[in-house]
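J.: After the structure tokens below, expect a handful of questions from me.
The values are calculated or read from the model by the stated rules, or taken from the named source; none is laboratory data. Please read these numbers as outputs of a predicted model, since none were measured by experiment. We place every Cβ from the backbone using ideal geometry, glycine too, and count neighbours over all the protein chains shown.
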Amino acid sequence: MLLYFALVVIFFLATTARVTEVNQTLEEALSWHIQSETVLKHGQSAYKDSISKIYGVNAGGWLLTEPWITPSLYEKVNDLFGSMPKDEYAMNLFIGNKDLSKRYFEAHWKSFYTEEDFKQISEMDLNLVRIPIGYWAFQLLPKDPYCQGQERYLDSAIDWAEKYGLKVQIGLHGLPGSQNGFDNSGLTATSPKWLEDDANIDLTHRVVDYIFTKYGNNTNVHSIQVANEPLGPVLDKSKLVEFYSKCLSLATEKNISAKLAFHDAFLDMEAWKTFYPGKFILDHHFYEVFTDWQLKLDLKGHLENVRDQGEKLSRTKHRSIVGEFSGALTDCAPYLNGIGNGARWDGTFLLEARGTCYGRDDPNNLTFKNETMMFLREQFYTYETKGGGWIFWCYKTERSLDWDMRRLHKLKMLPEPLYLSKEVYKMDINDDGFDNDNSLADGPGRRSDFFIPHPRIFWGRYRLRGRSGSSGLKVNRITWVFALFITVSFSI
């Protein structure tokens, strides 16, 4: 009898300790959205952000077009001129007349995003829309072929966002001379010329000044990113740091309320730890498809990469967000690597084939669907719990499901809920760390696909406490069998 009693006591103590460990570990992760509520503002002491966590989406391919997001826009020009423009700069050159260019682009600006899109984004429980735009929307270099007119649509977007309870981040994706040579800067180039010409730098400062003056104290503009993806390993780093520093000084001088967002310039996160810590949002873009070593990974390898990035995010001295990421595990999206280039995945661009791009994003392909859902879930929850939030790239495309948040949502391929701060979850962690029981323990009937970044510290099935839920233990079958054994033994 004493032996049985001792076993019961040991079991009770072990169970209590394990539940406490689980609850403490998860509460530590879930508390990130509270800890990130305040960051330092420019020269002031501290301020409370209007958004404690960013849950956003990019309006990519709208006011600055990219061939892979809206292929039809570029293919129509190819049909007319017999050649495909590789970026917005080339498209304007092909058309050859700014009035005609404006008419062509304006049809796209009017239709690709409308008020209805912002309404639907709000209904997805997101809180921010990041809007990429080029410098040429505001001012031009003397020989620029670009047409203008985008600014009016940016103004409309800010109004729509306000109407539906969303904030906006304005992102300068295109800078004079190109800051990275990518087509998403508006000008494809073998090397970026942005910081090599004083005229480019001077124009950039004038555009930033204009944006700060017009939008910096708009209560619905959450933040302003002054340079998207500057190619740090190639650019003059001292000039880049000088540019960022001048933007901080200008923001202080103008006393703007919008936060500044600086991209990490593809440098290690540690490179920025001593640069005005706490004075700006540090933006990181994480993709898994643009290098050979990434494409060689299986799903487990991709998930480990996400977790590693999450750990780095948690150690930064700045409020760090992931301002771009997607569901893509291949680079098969048409024109993703540029006009005239194929895909690394199928061997039509640079590398030996890893697979086929045929049917690459067919939602009826269960392998594609399941792996994409697992990859997305890991990213959404890791970037939320380890950083200041996330902004998915992008809301919609014409042909690329794994980059298209709207279609992923309609196909129920996004995790539900999209973020962790509001719900209570019930988890069943298997050997791979994935949740087999997707129901909510105490929720409003929504399903949960919650994934623990490091699951091997947990065992069994638990009901865990979030911000608004209750904690408790739901034991697994092994526990019930053991309890039954004790009960039967006592009755003998």
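J.: I'd like the residue in region 262-292 that is in contact (Cβ under 8 Å) with a residue 40 or more places away in the chain and hydrophobic (A, V, I, L, M, F, W, C) and, out of all such residues, is farthest from E352 (Cα to Cα).
T.: Taking the candidates together, the pick is I281.
J.: To continue, here is another question. I'm trying to understand the selection: among the residues of region 401-420, which are under 22 Å from H284 (Cα atoms) and out of contact with any helix residue (DSSP H, G or I) (no Cβ under 9 Å at 6 or more places or on another chain)?
T.: Going residue by residue through region 401-420, those that are under 22 Å from H284 (Cα atoms) are 402-405, 414-415, 418-420.
Listed by number, the residues that qualify are W403, D404.
J.: With respect to D202, determine if the residue is out of contact with any Ser or Thr (no Cβ under 7 Å at 6 or more places or on another chain) and in contact (Cβ under 8 Å) with a residue 40 or more places away in the chain. Even if it seems obvious, please write down each step before you answer.
T.: Values: out of contact with any Ser or Thr (no Cβ under 7 Å at 6 or more places or on another chain): yes; in contact (Cβ under 8 Å) with a residue 40 or more places away in the chain: no.
No, not satisfied.
J.: Follow-up. If you check K143 against the conditions, is it in contact (Cβ under 8 Å) with a residue 24 or more places away in the chain, in the same structural domain as S72 (by TED's automatic domain parsing) and of a type in the set (K, R)? Lay out the reasoning, then the answer.
T.: Numbers: in contact (Cβ under 8 Å) with a residue 24 or more places away in the chain: no; in the same structural domain as S72 (by TED's automatic domain parsing): yes; of a type in the set (K, R): yes.
It is false that K143 is in contact (Cβ under 8 Å) with a residue 24 or more places away in the chain, in the same structural domain as S72 (by TED's automatic domain parsing) and of a type in the set (K, R).
J.: State which residue is nearest to M413 (Cα to Cα) when the search covers only region 311-327 and only residues that are crowded, with 23+ Cβ neighbours inside 10 Å and of a type in the set (G, A, S).
T.: Across region 311-327, the extreme among qualifying residues is G327.
J.: Still on this structure: Does G355 qualify as being surrounded by fewer than 16 Cβ atoms within 10 Å (Cβ to Cβ) and closer than 24 Å to E304 by Cα?
T.: On the way: surrounded by fewer than 16 Cβ atoms within 10 Å (Cβ to Cβ): yes; closer than 24 Å to E304 by Cα: yes.
When the stated conditions are applied, G355 passes them.
J.: Also: Go through region 193-232 and count every residue that is of a type in the set (S, T, N, Q) and closer than 11 Å to C247 by Cα. Steps first, answer last, please.
T.: Residues of region 193-232 that are of a type in the set (S, T, N, Q), as a first pass: 200, 204, 213, 217-220, 223, 225, 228.
If we keep only those that are closer than 11 Å to C247 by Cα as well, we get 204, 225.
Summing the residues that are of a type in the set (S, T, N, Q) and closer than 11 Å to C247 by Cα in region 193-232 gives 2.
J.: N370 versus (1) touching a helix residue (DSSP H, G or I) at 6+ places or on another chain (Cβ under 8 Å); (2) exposed (fewer than 15 other Cβ atoms within 10 Å of the Cβ): which is the lone unmet condition?
T.: It is condition (1) that N370 fails.
J.: Would you confirm, using the coordinates I've provided, whether Y395 is assigned to a loop (DSSP other than H, G, I, E, B), of a type in the set (F, W, Y), modelled with pLDDT of 90 or more and in contact with a His (Cβ under 9 Å, 6 or more places away or on another chain)? Outline the logic, then answer.
T.: Numbers: assigned to a loop (DSSP other than H, G, I, E, B): yes; of a type in the set (F, W, Y): yes; modelled with pLDDT of 90 or more: yes; in contact with a His (Cβ under 9 Å, 6 or more places away or on another chain): no.
In short, no.
J.: Oh, and also: Suppose the filter is closer than 17 Å to L126 by Cα and modelled with pLDDT of 90 or more; does I54 pass it?
T.: Numbers: closer than 17 Å to L126 by Cα: yes; modelled with pLDDT of 90 or more: yes.
Here the answer is yes, as I54 does meet what is asked.
J.: Answer with yes or no whether D346 is under 20 Å from the mean Cα position of the chain (by Cα), of a type in the set (D, E, K, R) and in a loop (DSSP other than H, G, I, E, B).
T.: On the way: under 20 Å from the mean Cα position of the chain (by Cα): no; of a type in the set (D, E, K, R): yes; in a loop (DSSP other than H, G, I, E, B): yes.
Spelling it out, it is not the case that D346 is under 20 Å from the mean Cα position of the chain (by Cα), of a type in the set (D, E, K, R) and in a loop (DSSP other than H, G, I, E, B).
J.: Return the pairs, sorted by first residue and then second, in which the second residue is assigned to a loop (DSSP other than H, G, I, E, B) and hydroxyl-bearing (S, T, Y), the first residue lies in region 395-414 and is in contact (Cβ under 8 Å) with a residue 60 or more places away in the chain and over 20 Å from G323 (Cα atoms), the beta carbons are less than 8 Å apart, and the residues are 6+ apart or on different chains.
T.: Matching pairs, first to second residue: E398/T70.
J.: In region 72-128, what residues are exposed (fewer than 14 other Cβ atoms within 10 Å of the Cβ), without any contact (Cβ under 8 Å) to a residue 60 or more places away in the chain and among the small types (G, A, S)?
T.: Of everything in region 72-128, those that are exposed (fewer than 14 other Cβ atoms within 10 Å of the Cβ), without any contact (Cβ under 8 Å) to a residue 60 or more places away in the chain and among the small types (G, A, S) turn out to be G82, S83, G96, A107, S111.
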